[in-house]
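The next block holds one structure in the form of structure tokens; read it before the comments.
The values are calculated or read from the model by the stated rules, or taken from the named source; none is laboratory data. Since this is a predicted model, take the numbers as computed values, not measurements. Cβ placement follows ideal geometry from the backbone for every residue including glycine, while neighbour counts extend to all protein chains displayed. Calculation scope for accessible area: heavy atoms of the full protein, side chains included, ligands and nucleic acids excluded. Shrake-Rupley method; radii C 1.70, N 1.55, O 1.52, S 1.80 Å.
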Amino acid sequence: MKNHFKTYNMKNTIALLFLSLVIACNESPKKEGVSKTDTVQQVSLEKEENNAMTSGDYSSLLTDYKCDMRISEVAEVLKVPESNLSQTDNSSENKCSFELIGFGKNTLGGDSHISWSSAPSSKKQNKKEIASYLERKEDGIKIMGMDIELAETGDCYIAQQPAHGRIIIYNENYDHAFLIHYGIKSANNNRTKEQHEELRLKMTDLANYLLQKHRK
């Protein structure tokens, strides 16, 4: 009777062990599958985050810009006499607008018009624009003089559009860009090629100055 009981217990034990193994085998792939999916998703998120350039806080420039620059400050940045600058009626709380002597006359008979302000865009669009500019730069292609350079802060890009008399600051972490206008050459009578290039360089200095001033 005892032998029969031992045999019965042993059979039950073997059966339970076998059942546990079957359950473990059935569950193991499911757990492994979930783990792999989670890992892939995590890696994808990390790659996406790593692809975004680390940036300072430019909210006061790219999102909520308020024109707080006076003639004395602009003159110092552009390295021109204060007497060569005058604020225009187009200036507003969110947009700086000045006339600058020495770089031709505009079509209305006034001096060269320069202005800057934030402009709506998107993170996706900014990233796309930066990539396009960098690709053309790498290939040595300059369409109408268009070019791009890394800002002095190291976390934004300054795009050049000399044919349109425009400079654009891009940061792929913001849903805005920043536009600086200095006027197309043909719309400014008597502006020479040399003056147009000099003005482009001065506006680039302004872009770098604004980035350094507003970076937090």
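Take the conditions hydroxyl-bearing (Ser, Thr, Tyr), touching a strand residue (DSSP E or B) at 6+ places or on another chain (Cβ under 8 Å) and not in a strand (DSSP E or B) and apply them to residue 133. Does it pass?
So residue 133 passes the test.
Tell me yes or no: at least one residue of the stretch 160-169 is touching a residue at least 40 places away in the same chain (Cβ under 8 Å), under 22 Å from the mean Cα position of the chain (by Cα) and farther than 19 Å from residue 197 by Cβ.
yes
If the Cβ limit is 6 Å and pairs must be 6+ apart or interchain, which residue in the stretch 101-123 that is open to solvent by less than 30 Å² (accessible area, probe 1.4 Å) and of a type in the set (A, V, I, L, M, F, W, C) pairs with which residue that is assigned to a loop (DSSP other than H, G, I, E, B) and at pLDDT below 95?
Short answer, once both residue conditions are applied: 103/191.
Scanning for something out of contact with any Ser or Thr (no Cβ under 9 Å at 6 or more places or on another chain) and not polar (S, T, N, Q), does the stretch 183-191 turn up at least one residue?
yes
Any chance you could count how many residues in the stretch 126-152 are closer than 17 Å to residue 57 by Cα and surrounded by fewer than 14 Cβ atoms within 10 Å (Cβ to Cβ)?
Summing the residues that are closer than 17 Å to residue 57 by Cα and surrounded by fewer than 14 Cβ atoms within 10 Å (Cβ to Cβ) in the stretch 126-152 gives 1.
So if I check each of 155, 175, which one is open to solvent by 40 Å² or more (accessible area, probe 1.4 Å), in contact (Cβ under 8 Å) with a residue 12 or more places away in the chain and either within 10 Å of the chain's Cα centre (by Cα) or within 29 Å of residue 88 (Cα to Cα) (or both)?
175
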